[in-house]
Amino acid sequence: MALRIEELAKTIDHTLLRPDATRTDIEQLCEDAVKHHFAAVNVFPYYVPLAATLLKSHDVKVCTVISFPFGGDTTRTKIRSAENAVGIGADEVEFVLNTGAMLSGNFRQVRDEIVSVVRAVRMKSVNVGKGLVLVKVILESSYLDKKLKKLACRMIEDGGADFVKTATGFGPEGATVADIELLRDELSESLGVKAAGGIRTAEDAETMINAGAARIGTSHAVDIMNEFAEHRE
């Protein structure tokens, strides 16, 4: 069955994580997200309150990133940052897995960090009266071999997160079909897979969705929607 444009829109996290992003850029991002009914906007924590205000009463969530893009912060720093993000209006929180710890074989550290951050987000969301705040764990898949990717999936699922994301978009390689399929195969249906990094066209987006991605992270969301619409006229 062909993908409908409304379905495509609700897979997209309209992303602006450039260091030179201004208030005006965020305002435009949110305006575009409302127009196209994207799933979420993805912005730095600094812009969460602004995005939350602009998107209030609209069908677009506010997502933000923690320990981005390298994941090398301490667990306590990630916890505090995640709690703060929820407190200032984030509906979804993405944090970067500690790649160095994974590659060093410090699997207990990684597992405990996932559990701790997820628990902190859940508790904070209850304390501030929000509904479920989604937690997405970002892998930098290009640094991990297949065995470590599978292990990461098991730890993320056991840790109670909601999504596994393939990449930050700042690493050596973005989303690949092989990674999406591997993550989808390793995770239960209760967890989603988010494809991110290098997704620039409607064909890219459809390819990732067909491979099993439930969300697409891209800074080319408007171009993708326009291209998708043109091809179906």
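Some observations on this one:
- Candidates D91, D59, filtered to the one that is acidic (D, E) and surrounded by fewer than 22 Cβ atoms within 10 Å (Cβ to Cβ): D59
- Remark: K124 falls outside the filter, which requires a residue to be touching a residue at least 12 places away in the same chain (Cβ under 8 Å), basic (K, R) and assigned to a loop (DSSP other than H, G, I, E, B).
- Scan segment 69-88 for residues that are surrounded by fewer than 22 Cβ atoms within 10 Å (Cβ to Cβ), more than 20 Å from T166 (Cα to Cα) and of a type in the set (A, V, I, L, M, F, W, C) and the total you get is 2.
- Members of segment 10-31 found to be of a type outside the set (V, I, T), part of a helix (DSSP H, G or I) and surrounded by 20 or more Cβ atoms within 10 Å (Cβ to Cβ), listed by number: L29, C30
- Residue within segment 81-89 that is within 24 Å of E173 (Cβ to Cβ) and more than 12 Å from the chain's Cα centre (by Cα) present: no
- L103 satisfies every condition listed in (1) within 21 Å of F68 (Cβ to Cβ); (2) surrounded by 14 or more Cβ atoms within 10 Å (Cβ to Cβ); (3) in contact (Cβ under 8 Å) with a residue 40 or more places away in the chain except (2).
- Segment 1-47, subset touching a residue at least 24 places away in the same chain (Cβ under 8 Å) and β-branched (V, I, T), residue nearest to S81 (Cα to Cα): V43
- Any hit, segment 204-216, residues being modelled with pLDDT of 95 or more, of a type in the set (V, I, T) and either more than 27 Å from T99 (Cβ to Cβ) or touching a Leu at 6+ places or on another chain (Cβ under 7 Å) (or both): yes
- Exclusive hit being over 30 Å from P19 (Cα atoms), touching a Cys at 6+ places or on another chain (Cβ under 8 Å) and among the charged types (D, E, K, R), set E181, E186, E157: E186
- Tabulated pairs, segment 195-206, first more than 14 Å from K10 (Cα to Cα), second hydroxyl-bearing (S, T, Y) and in a loop (DSSP other than H, G, I, E, B), C-beta under 8 angstrom, 6+ apart or interchain: A196/T166; A196/T168; G197/T166; G197/T168
The values are calculated or read from the model by the stated rules, or taken from the named source; none is laboratory data. In this text the structure is predicted, and so the values were computed from the model without any measurement. In this analysis, Cβ positions are derived from the backbone assuming ideal geometry, glycine residues included, and neighbour counts consider all displayed protein chains.
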